[in-house]
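All remarks here apply to the structure that follows.
The values are calculated or read from the model by the stated rules, or taken from the named source; none is laboratory data. Here the structure is a predicted model, which is why all the values come from computation and not from measurement. Note that each Cβ is placed from the backbone with ideal geometry, even for glycine, and that neighbours are counted across all protein chains shown. For accessibility, only protein heavy atoms count, side chains too; no ligands or nucleic acids. Shrake-Rupley method; radii C 1.70, N 1.55, O 1.52, S 1.80 Å.
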Amino acid sequence: MLPINIRSFKQKVRYHQKKFKRFLGKVEKNPPVGLHKSVALIDAEVWKQTDCLSCANCCKTMTPTFTARDIKRIAAFLQMKPQEFKDKWLYYDKKDGDWMNTKQPCQFLNVKDNKCSIYEVRPADCAGFPHLTKKKMTDYIHVHQQNIAYCPATYKMVEMMMEKL
């Protein structure tokens, strides 16, 4: 497993992003037979090649949404009240109705080793990211179209799908 070079990754994204998004749009409109099974096999291969700790681009450039359960669990872990946690670290996005980080990179990311200081109690959104097999592929294509710009694993998944499908 090779470490991820973010600079190289961003260059590849700039070059291929439109093509990848078009491909995913076609898959969404006309899913190939056995898509879900194929994606499960590709997912396993992707994770053999992806070292998240050499990247952490998601933690550096995106924010998870925090559910009420996440806030309660993380606040308890940090020995704070949920309201104190929200006041210190989060803002409420009225448009989407979500609690989100006030800053990037994430306040819980150690940028020296790319490890999360609250990993055991991290938000569900972080635990499931990049959601490669979270739902049926066709129900989550819009998320993958967005994530190819942030996540080398998602990029690799789409690249492999284009080769195999």
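No other residue among 153, 127, 75 is hydrophobic (A, V, I, L, M, F, W, C), without any contact (Cβ under 8 Å) to a residue 12 or more places away in the chain and buried (at least 19 other Cβ atoms within 10 Å of the Cβ) apart from 75. Scanning the range 19-41 for residues that are open to solvent by less than 50 Å² (accessible area, probe 1.4 Å), at pLDDT 95 or above and closer than 15 Å to residue 156 by Cα yields a total of 3. Residues of the range 123-165 that are outside any helix (DSSP H, G or I), under 20 Å from residue 100 (Cβ atoms) and of a type in the set (D, E, K, R): 134 alone. Considering each residue of the range 119-140 in turn, at least one proves to be of a type in the set (Val, Ile, Thr) and at pLDDT below 95.
If we scan the range 112-119, do we find a residue that is open to solvent by less than 50 Å² (accessible area, probe 1.4 Å) and either among the polar types (S, T, N, Q) or within 15 Å of the chain's Cα centre (by Cα) (or both)? It would help to see each step written out before you state the result.
Pass one, the range 112-119, residues open to solvent by less than 50 Å² (accessible area, probe 1.4 Å): 114, 116, 118.
When the remaining residues are screened for being either among the polar types (S, T, N, Q) or within 15 Å of the chain's Cα centre (by Cα) (or both), the result is 114, 116.
Yes, the conditions are met somewhere in the range 112-119.
Aliphatic (A, V, I, L, M) and open to solvent by 20 Å² or more (accessible area, probe 1.4 Å): does that describe residue 160?
Numbers: aliphatic (A, V, I, L, M): yes; open to solvent by 20 Å² or more (accessible area, probe 1.4 Å): no.
Considered against the rule, which asks whether it is aliphatic (A, V, I, L, M) and open to solvent by 20 Å² or more (accessible area, probe 1.4 Å), residue 160 comes out as no.
Taking the residues in the range 63-72 that are open to solvent by less than 30 Å² (accessible area, probe 1.4 Å) and not β-branched (Val, Ile, Thr) as candidates, determine which candidate is nearest to residue 7 (Cα to Cα).
Here the residue is 64.
Taking the conditions (1) without any contact (Cβ under 8 Å) to a residue 60 or more places away in the chain; (2) buried (at least 16 other Cβ atoms within 10 Å of the Cβ) in turn, residue 141 satisfies each one other than (1).
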